[in-house]
Amino acid sequence: QVQLVESGGGLVQTGGSLRLSCAASTSIFTINAMDWYRRAPGKQRELVAAITSGGSTNYADSVKGRFTISKDNAKNTVYLQMNSLKREDTAVYYCTADVGGTWYWGRGTQVTVSS
């Protein structure tokens, strides 16, 4: 069983920044890909950013140029740097990881952007 623990969420003003972290309980080298999703109130879950074991990244159009996904192999941790935050970025952010074809999910961290 792989555990993922998100942290770094909080309350921030429009235009501000936050960095989310997702720490995995297994070696990151066993993980094929890690993604960040979010779910805003009343909306469907949305893929925000993804990173593969080789370091390739992909972003939702709504966050391109503002969010950056990265990983620290030594810490088994993936990050989501969020800049120029907008009110519509308010959501619970979830980390998920593909380990041997099985996807594991964290419990999420709340991000609230206020004007």
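Just a few scattered comments:
- Qualifying residue in the stretch 97-111 (condition: among the hydroxyl-bearing types (Ser, Thr, Tyr) and over 15 Å from the mean Cα position of the chain (by Cα)): yes
- Long-range neighbours under 9 Å by Cβ, at least six apart or interchain, first residue over 26 Å from Asp72 (Cα atoms) within the stretch 37-53, second at pLDDT below 95 and among the small types (Gly, Ala, Ser): none
- Being more than 13 Å from the chain's Cα centre (by Cα) and charged (D, E, K, R) is a description that does not apply to Lys71.
- Between Gly42, Gly54, the distinction of being at pLDDT below 95 and on the phi < 0 side of the Ramachandran plot belongs to Gly54 only.
- Selected residue (only one of Gly65, Gly55 is under 22 Å from Ser115 (Cα atoms) and of a type in the set (Gly, Ala, Ser)): Gly65
- Where a residue in the stretch 73-85 is over 12 Å from Ile51 (Cβ atoms) and its partner, wherever it lies, is modelled with pLDDT under 95 and part of a helix (DSSP H, G or I), with Cβ under 8 Å and at least six apart: Asn76/Ile28
- When each of Ala97, Ala91 is tested for being open to solvent by less than 30 Å² (accessible area, probe 1.4 Å), free of Cβ contacts under 8 Å to residues at least 60 places away in the same chain and not charged (D, E, K, R), the lone residue that passes is Ala91.
- In the stretch 47-78, the residues that are closer than 21 Å to Thr90 by Cα and open to solvent by 60 Å² or more (accessible area, probe 1.4 Å): Leu47, Asn58, Asp61, Lys64, Gly65, Thr68
- Asp98 vs. criteria acidic (Asp, Glu) and under 28 Å from Ser114 (Cβ atoms): no
- The set of residues in the stretch 57-75 that are modelled with pLDDT of 95 or more and of a type in the set (Gly, Ala, Ser) comprises Ala60, Ser62, Gly65, Ser70.
- Within the set Val113, Val78, Val99, the sole residue that is under 13 Å from Gly15 (Cα atoms), touching a strand residue (DSSP E or B) at 6+ places or on another chain (Cβ under 7 Å) and hydrophobic (A, V, I, L, M, F, W, C) turns out to be Val113.
- Candidate set: the stretch 1-31, residues that are of a type outside the set (Gly, Ala, Ser) and assigned to a loop (DSSP other than H, G, I, E, B); chosen: the one most open to solvent (accessible area, probe 1.4 Å): Gln1
The values are calculated or read from the model by the stated rules, or taken from the named source; none is laboratory data. What you see is a predicted model, and the numbers here were worked out from it, not measured in a lab. Using ideal geometry, Cβ is built from the backbone for each residue, glycine included, and neighbour counts are taken over all protein chains shown. Side chains are part of the model used for accessible areas, which takes the heavy atoms of the whole protein and leaves out ligands, DNA and RNA. Shrake-Rupley method; radii C 1.70, N 1.55, O 1.52, S 1.80 Å.
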